[in-house]
1. Name the helices (runs of 4 or more DSSP H) wholly inside the stretch 1-108 in which the number of residues that are loosely packed, with under 10 Cβ neighbours inside 10 Å and either modelled with pLDDT under 65 or β-branched (Val, Ile, Thr) (or both) is 3 or more.
2. Could you check how many residues of the stretch 200-222 are modelled with pLDDT of 90 or more and within 20 Å of the chain's Cα centre (by Cα)?
3. For the stretch 109-120, give me the residue count where each residue is surrounded by 13 or more Cβ atoms within 10 Å (Cβ to Cβ) and either modelled with pLDDT of 90 or more or under 16 Å from residue 60 (Cα atoms) (or both).
4. Which one is modelled with the highest pLDDT, of the residues in the stretch 127-142 that are assigned to a loop (DSSP other than H, G, I, E, B) and under 25 Å from residue 186 (Cβ atoms)?
5. Could you tell me which of the residues 145, 157, 124 is modelled with pLDDT under 90, in the same structural domain as residue 215 (by TED's automatic domain parsing) and over 15 Å from the mean Cα position of the chain (by Cα)?
Amino acid sequence: MTEGSRRKTVHVKFLVVLVAIMSIQALAKLSEADQELLDTAWNVSPEQVIGECGFLQTTTRPDEYEDTRYLEEKIRFDPSKEGEDAWELESVDGALPSVEALSEFRPERQGVYFDLLNSQFDLTGASFHEDKGDIRTFKVPLQKTESIPAGMAKKLTGYIDIDVPTSTLRAAKILVDKFNQTFLFDVDPEVDRFVLREMSMDMKMGALGQSHEMTLSVKYSDFECALDETGLNSQT
């Protein structure tokens, strides 16, 4: 190959790479309408319910001592109380909690999923993913947090489902081969508030040649919100 041919080949390869980069950037950039839809939906945050509304949190999680057994814990959040006193363990598997269960209850760990939802998704890198009629799905990279190391964040993919007619979130998902975390949202008709309705987490783990699966479910219900001066539920 002559020197001129080499230069021509290098030039062509450079143009191909440049066009590829520009194409990726064009695909990643949201339209003005999609950007407005994403911003509007994300700014209506169910996190605002914390501190204003009481609710019942039902957590179904694996028993720490028996891998095949799951516990159902009902935990009440009372916004009229401060700090850790706002969280109360009401029942375990339908019965009053034992002295041991009460001693092991960690109120400081409650409400953590609201914080995870707000901190994990990096909306600045969002791109359009799929149109399902009234639902538009966006692919969103995840950012490094205390719970997600930088190396893991690069392997995880986030997706956000938005209801177009109401410009509200319907689901936020984190997906990877052996890890799946899903947040589901809706408007609670009793208090007319946009709320986090459910968080579920599925994990598959392997150790010593054996595989293990773990499912965690957290559901929110029985919302009670303070009334404003007009006697209606106050809005944020």
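1. Ranges flagged: 3-28.
2. 6
3. Residues in the stretch 109-120 being surrounded by 13 or more Cβ atoms within 10 Å (Cβ to Cβ) and either modelled with pLDDT of 90 or more or under 16 Å from residue 60 (Cα atoms) (or both): 3 in total.
4. This residue is 134.
5. Unique residue meeting the criteria: 124.
The values are calculated or read from the model by the stated rules, or taken from the named source; none is laboratory data. All of these numbers come straight from a predicted model, not from anything done at the bench. Glycine also receives a Cβ, built like all others from the backbone with ideal geometry; neighbour counts cover every protein chain displayed.
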